[in-house]
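Chemist: Before I ask anything, here is the structure I am working with.
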Amino acid sequence: VQLQASGGGLVQAGGSLRLSCVVAGHTFSSHVMGWFRQAPGKEREFVASIRWGAGNTYYADSVKGRFYISRDKASKTVYLQMDSLKTQDTAVYYCARGTGIRTDYNYWGQGTLVTVSS
């Protein structure tokens, strides 16, 4: 399984970005696709996840109401729409595939850098 994340870049605070993650390999209804991020000097943290089959979504409190995760089964792509971005959202964002909502991820993409300027 390979995960290819893209869509990062530089944006001003208050702006929007959409990240994409293409999944190469098998995906099953039991899988969960997640987005995580790691800011400089900090540990990696959970951002959002979605159940591949049912589409149930889950969010970290810090992004709830601003970020939206979705998936397109036909293209095997997971998206993270990020609105009302804040400087504290600056981080490398990773997509991952696993079986848990916030943990138990065993396949990771290479990361895409999001920089939010003030």
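The values are calculated or read from the model by the stated rules, or taken from the named source; none is laboratory data. These numbers come from a predicted model, not from an experiment. Don't worry about glycine lacking a Cβ; one is built from the backbone with ideal geometry, like all the others, and counts go over all protein chains shown. Remember, those area values only see protein heavy atoms, side chains included, never the ligands or the DNA or RNA. Shrake-Rupley method; radii C 1.70, N 1.55, O 1.52, S 1.80 Å.
Chemist: To the nearest 20 Debye, how big is the dipole of the chain about its Cα centre, given +1 on the beta carbon of each Lys and Arg and -1 on that of each Asp and Glu?
Modeler: With only Lys, Arg, Asp and Glu charged at Cβ, the dipole is about 160 debye.
Chemist: Kindly list the residues of region 1-45 that lie in the label zone of Ser117, defined by a backbone N under 11 Å from the point 7 Å along the Cα-to-C-beta vector.
Modeler: Inside the label zone: 10-13.
Chemist: Gln110 to Lys86: extension gain in nm, 0.36 nm per residue of separation minus the Cα-Cα distance?
Modeler: 6.4 nm
Chemist: Output wanted: per-residue J couplings in Hz (rounded whole) for region 54-68, from phi through Karplus 6.51 cos²θ - 1.76 cosθ + 1.60, θ = phi - 60°, x for Gly and Pro.
Modeler: 7, x, 4, 10, 9, 9, 6, 4, 5, 10, 4, x, 10, 10, 9
Chemist: Using modelled backbone amide H atoms (1.01 Å from N, in-plane), which distant-in-sequence or interchain residues come within less than 5 Å of Gly53's amide H?
Modeler: Counting only residues 5 or more places away or on other chains, the set is His31.
Chemist: Continuing with the same structure: Of Gly15, Thr99, Gly111, which is farthest along the charge dipole of the chain in the positive direction, counting Lys and Arg as +1 and Asp and Glu as -1 at C-beta?
Modeler: The residue sitting farthest along the positive end of the dipole is Thr99.
Chemist: Could you work out the relative contact order of the chain? I mean the mean sequence separation of Cα pairs under 8 Å and 6+ apart, divided by the number of residues, in percent.
Modeler: Computed over the chain, the figure is 35 percent.
Chemist: In Å², what does the accessible area per residue of the chain work out to with a 1.4 Å probe?
Modeler: Per-residue accessible area for the chain comes out at 51 Å².
Chemist: Is any residue of region 21-46 close enough, with backbone N under 16 Å, to a label point placed 7 angstrom from the Cα of Asp72 along the Cα-Cβ axis, and if so, which?
Modeler: Within reach of a label on Asp72: 21-24.
Chemist: Let me know the whole percent of all Cα-Cα pairs from the chain that are separated by more than 20 Å.
Modeler: So the pairs more than 20 Å apart make up 33 percent of the total in the chain.
Chemist: Moving to a separate point now. Largest first, please: the extent of the C-alpha atoms of region 41-100 along each principal axis, to the nearest Å.
Modeler: Rounded to whole Å, the extents work out to 34, 23, 20 Å.
Chemist: May I have the count of lysine pairs in the chain with C-alpha atoms under 27 Å apart, counting pairs 8 or more residues apart or located on different chains?
Modeler: Final tally of qualifying lysine pairs is 5.
Chemist: Now for a different question. Counting other C-beta atoms within 10 Å, and keeping those with at most 12, which DSSP coil trypsin sites (Lys or Arg not before Pro) do you find in region 31-62?
Modeler: Loop-located and lightly packed - Lys42.
Chemist: Further, regarding this structure: Please identify, among Gly100, Gly41, Gly14, the residue showing maximal mean-square fluctuation in a Gaussian network model of the chain using a 10 angstrom Cα cutoff.
Modeler: Gly41
Chemist: So if I restrict to the alpha-carbon atoms in region 1-49, what is the Rg, and what is Dmax, the biggest pairwise distance, in Å?
Modeler: That works out to 13.3, 37 Å for Rg and Dmax.
Chemist: Only sites in a loop by DSSP and with at most 14 other Cβ atoms within 10 Å count here; which chymotrypsin sites (Phe, Trp or Tyr not before Pro) in region 1-104 make the cut?
Modeler: Within region 1-104, the qualifying chymotrypsin sites (Phe, Trp or Tyr not before Pro) (loop, at most 14 other Cβ atoms within 10 Å) are Phe28.
Chemist: Starting at the first residue of region 18-26, write each ³J(HN,Hα) from the Karplus equation 6.51 cos²θ - 1.76 cosθ + 1.60 with θ = phi - 60°, in whole Hz, x for Gly and Pro.
Modeler: 3J(HN,Hα) across region 18-26, in whole Hz: 10, 8, 10, 9, 8, 9, 9, x, 6.
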